[in-house]
Structures are given as structure tokens and as C-alpha cells.
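Each value in this text was obtained by applying a stated rule to the coordinates, not by laboratory testing. Because the structure is a prediction, the values reported are computed rather than measured. Neighbour counts are summed over all protein chains in view; Cβ atoms, including those assigned to glycine, are modelled from backbone coordinates with ideal geometry.
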Ligand code: BMP
């Protein structure tokens, strides 16, 4: 299966320019770590992005949790993303009719499309949500934008299962120019019948933590090893890294665990 192929090979054969870049970046930095940078001030966010940037391939934001969001936040993130060569993923989880989602993606105070390489959405509203995001991306004429579908969730009692998850895969297959892959606890391609031989959707896995099993609000963790064994490609970790007593040592530990597991898988 595609998950046994090296990232370099997947970069070479992929048609999505941002997926190509992601795989090449991972090979270059020897990292498949996505930092979930859930900091609430611009200073902290930029500080962590600067210190941990060399060890990650993607920095995931929740831009609406910042107390002091301003143009400075975005300028800083963009500068650091170029300096340390990582992509920015705004974990916005769009869920609405297409017309509203386009306004949320392009406009408002956040202007997410201007600065986030990657965004995600749920398919709860049906395929029109992806069509709307695709239209915004295509009319802007930029090559380095992409979307992930939230196919599963890590929280206890999640309803993003079964037919919802299967529909996520089917809808992803309808929009290969825009959809890079999905956020899930494991590889899911086998859930829906494959239509394309060369299909290669990227699997991002949240809820990754080396030293904890979960939190008091229903979060459930797995280790880097179990995520990689399940077919994940990129490991998303937040508190496991930024809340560690030594975040730089922690990010290196996640980087090594993820990369060793990747190497073992591709042989
Ligand atoms: P942490 O590693 O600190 O638990 O953070 C997990 C991050 O991933 C949070 O930003 C959360 O919003 C996100 N996330 C998740 O935990 N589970 C999901 O199913 C989807 C998410 O986006």
C-alpha cells in the first residue's frame, strides 16, 4: 500500500503541489511532526514556532484562541514559516453551507486563506463545503493551498464514525485537486472502495502523546508508534510537546519516535 512507500517517492508521483511539498519537507527535515501550537498569546505562539520550527513540518494553529490576535501574529507566523520551512495549518474545522464557509475562509478579521496553507472541514454539510473551499482556492490562483477532511475525532463518544467517516473518504475522492487527505486516528482508504489506482491521501493523526493516555475532558491519546503502525503519515501533538518542561527536548523526542517508526515502515 502507499503507506509503505517512502515520502520521497510519494512526493514524486503526487499531483497535488502542496502534498508534494509536504512530503519533500518531511524528507528534508526528517520529521513527520505537526505541532499543535495551542498557545493563547502572540508572543508565546511565535516563541514556540521559532524554537520548535526546525523540528516540525507543519505548525497547526487555532487562530481564534489568541487573546491578542493582530496582523503581527500573521506576519510573525509567515516569517517563521519561511525561515524554518514549515507549513501552516489552521485547524478551523469549517462546518456550514458553502456560501458561509467561503466568507469564513477568505474574509472576516482572520482572512485565513491569505496565510494558512492547510485548512480542514467536516463533511457534515455534504460535498458542497469542499466545492466552496475549492472554488476559493482556484479563483485565488495559488498553488500552495489544500484542505484536509476531519474524518474521525479523538474525543470520547465521537460521532464522527461509521457512515460519516466512509462519506469523508468518498467526498475526498471527488476533489483530488483540493483535498490532501484527512485527519483520522488511522488509515481509512479501505473503508470505501478505491476508484483510483494511484490514489494517495495523506493521513494526519491528532491525539498523539508519548506520556499521557488522555485528559479530563475526553481527549484520548495514542503513541507515535501506534499511530504509525495504524497507517498515519503525520503526527499532530500539542500538550505533549509545548507543555513539557523542556519543549525542545520533547519535540526532538517526538521527531525521533515518528521518524524511526516511518523508517521501520518503509524499510
Ligand atoms: P493535544 O495534543 O494538546 O491534546 O492537542 C490536540 C489538538 O488536536 C488540539 O488542537 C485539538 O483541537 C486537535 N484535535 C484533536 O485533539 N482531536 C480531533 O479529533 C481533532 C482535532 O483537531
Inter-part distance where the range 153-169 and the range 124-147 are each reduced to a Cα centre, Å
22 Å
Averaged over all viewing directions, the convex hull of the alpha carbons in the range 1-119 casts a projected area in nm² of 8.1 nm²
Computed E for residue 111/residue 82 - FRET, C-beta separation, R0 25 angstrom, nearest 0.05
0.85
Run through every distinct alpha carbon pair of the range 163-226 and return the Kirkwood hydrodynamic radius in angstroms, one decimal place.
13.3 Å
Of all DSSP beta bridges with both partners in the chain, the antiparallel percent, nearest 5, is 5 percent
222 nm mean residue ellipticity, helices alone, for the chain (DSSP H n ≥ 4; -39,500 (n - 2.57); rounded to 500):
-12500 deg cm²/dmol
So what is the relative contact order of the range 12-122, in percent, for Cα pairs below 8 Å that sit 6 or more residues apart?
23 percent
Considering the zone a paramagnetic label at residue 217 would reach in this model (a point 7 Å from Cα along the Cα-to-Cβ line), which residues of the range 57-79 have amide N under 15 Å from it?
62-67
How big is the gap, in Å, between the Cα center of the range 31-106 and the Cα center of the range 224-267?
19 Å
Any number yet on Rg/Rh for the range 181-267, C-alpha, Kirkwood?
1.02
How large is the direction-averaged shadow of the alpha-carbon convex hull of the range 1-57, in nm²?
4.6 nm²
Using only alpha carbon pairs under 8 Å that are at least six residues apart, calculate the relative contact order of the range 160-267 and give it in whole percent.
22 percent
Contact order normalised by length for the chain, with contacts defined as Cα pairs under 8 Å and 6 or more residues apart; what percent is it?
19 percent
Can you report the principal axis dimensions of the range 90-152 using only the alpha carbons, biggest first, rounded to whole angstrom?
26, 21, 21
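Which value, in Å to one decimal place, does the Kirkwood hydrodynamic radius take for the range 108-267 when every pair of different Cα atoms is included? Before the final figure, lay out each step's value.
Numbers: mean 1/r = 0.0591 Å⁻¹.
After inverting the pairwise mean of 1/r, the radius is 16.9 Å.
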The equivalent-ellipsoid semi-axes of the range 24-77, taken as the square roots of five times the Cα gyration tensor eigenvalues and listed largest first in whole Å, are 22, 10, 9
Semi-axes of the chain from the Cα gyration tensor (sqrt of 5 times each eigenvalue, largest first, whole Å) come to 24, 23, 19
